[in-house]
1. For the chain, take the alpha-carbon Rg, divide it by the Kirkwood Rh, and send me Rg/Rh.
2. Between A131 and K207, 0.36 nm times their residue separation minus their Cα-Cα distance comes to what?
3. What distance in nm separates the two pseudo spin-label positions at K120 and D168, each 7 Å out from Cα along the beta-carbon direction?
4. Using the beta-carbon distance between E310 and K80 and R0 = 30 Å, what value does 1/(1 + (r/R0)^6) give for FRET efficiency, to the nearest 0.05?
5. Using the Kirkwood radius over Cα pairs, work out the Stokes-Einstein diffusion coefficient for segment 152-325 at 4 °C and 1.567 mPa s, in µm²/s as a whole number.
6. I need the GluC sites (Glu not before Pro) found in segment 176-279, filtered to DSSP loop residues with at most 12 other beta carbons within 10 Å of theirs.
7. Helix-derived [θ] at 222 nm for the chain: sum -39500 (n - 2.57) over DSSP H runs of at least 4, divide by residue count, nearest 500?
8. Going by Cα centres, segment 92-114 and segment 26-84 are how many Å apart?
Amino acid sequence: MSLERIKFVQSKFGSLFQKSDLTIFLNPDAPSYCLSFAFERLVAYQTFYPVVDQLETAGIKCVQNIPEQKFDLAIVTIPKSKKLARHFIYLATKAVPKGLIVIDGDKTSGVESVIRDLKKKVKIDTVVSKAHGKTAWFKTPTNLDEYKDIPSRIGGGFETQAGVFSSDEIDPASKLLGDIISSGLSGTGADLGGGWGYLTARALETKDIRELHFIEADLRALTLAKSNLNDERVKFCWGNALQWEAPKPLDFIIMNPPFHYMGRALPRLGADFIKVASRNLKKSGSLLMVANRHLPYEDIIKGHFRSFSELSGSKKFKVICAENPIKL
Ligand SMILES: C[S@@+](CC[C@H](N)C(=O)[O-])C[C@H]1O[C@@H](n2cnc3c(N)ncnc32)[C@H](O)[C@@H]1O
């Protein structure tokens, strides 16, 4: 929820957020958006670890499941995935059986189409347009069970769910890397930003891998990965890959690094993942990664590995193997 919109809504519709309301905030992007609420009466529902970390550091209680406890007010920040947005609204109606649901988003998140669809199902009290976004609210009780999202199976038999990376089909870039890592890897390694588990599943096709650390920030994706990767060699970690330290230097790291943060482009993230890989590999270790061809990772790889080459690719993607990390 944009700070400008919160302030505007509060000044125009002052009685909307009572300090005494027990409030659940679904998908807040950052602690600053929660400042209008009394922290002792606020719970944030957030599954993305780096944001949970920031919220908790600011003193905001976070949950990853909707609690049994009932709330008076729910605020929902609309994510880019429309299905996930609907699911969050469904969760809000369960958390607030009798009260107010406020939904909010920037236009780029698709909030307008979410509101349009919602208008067909419930009576919306008010819609406010401000600061390139919209805020709308409606009262409960209301039945929005049809908005509930459940995991579904895609090609290859993998389970995915709305809002996680490549939820509808295997990502074509990951598929290119997957075809390379399905043989030839051995020892102990890691998958940084493992998503729902595709790359790890391909890597584990070889029996020469002893142990594979699976690091993923989104708990929804990690939960799917646990059911997709039923293999004792995998050590799951819900966490921030940028802060992760391998227990011992690794033989290999595989990754299709993110370059978005909370729906916004952030190419620096991919470069930071390369630094993490270099730091956690043995001197003889290898990084195998795939990236969109236009992303300029070569300079950062040169600064952190003694050699690298392109193993495979297409017009859109490049698969890179970088070897012998430089220990800075
Ligand atoms: C491009 S996707 C690749 C997913 C999977 N490896 C695949 O190939 O299908 C990048 C993944 O990194 C995760 N991610 C983003 N930032 C992260 C962070 N700081 N730490 C760990 N994982 C992160 C995202 O949630 C997403 O699942």
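The values are calculated or read from the model by the stated rules, or taken from the named source; none is laboratory data. Values in this document were obtained by computation on a predicted structure and should not be read as measured data. Don't worry about glycine lacking a Cβ; one is built from the backbone with ideal geometry, like all the others, and counts go over all protein chains shown. Remember, those area values only see protein heavy atoms, side chains included, never the ligands or the DNA or RNA. Shrake-Rupley method; radii C 1.70, N 1.55, O 1.52, S 1.80 Å.
1. Rg/Rh: 1.02.
2. Extra length available between A131 and K207 comes to 21.9 nm.
3. Between K120 and D168, the simple spin-label model gives 1.8 nm.
4. E between E310 and K80, to the nearest 0.05, is 0.45.
5. Using the Kirkwood radius from Cα pairs, D works out to 82 µm²/s.
6. Answer in residue order: E205, E232, E245.
7. After summing the helix terms and dividing by the residues of the chain, the value is -8000 deg cm²/dmol.
8. 13
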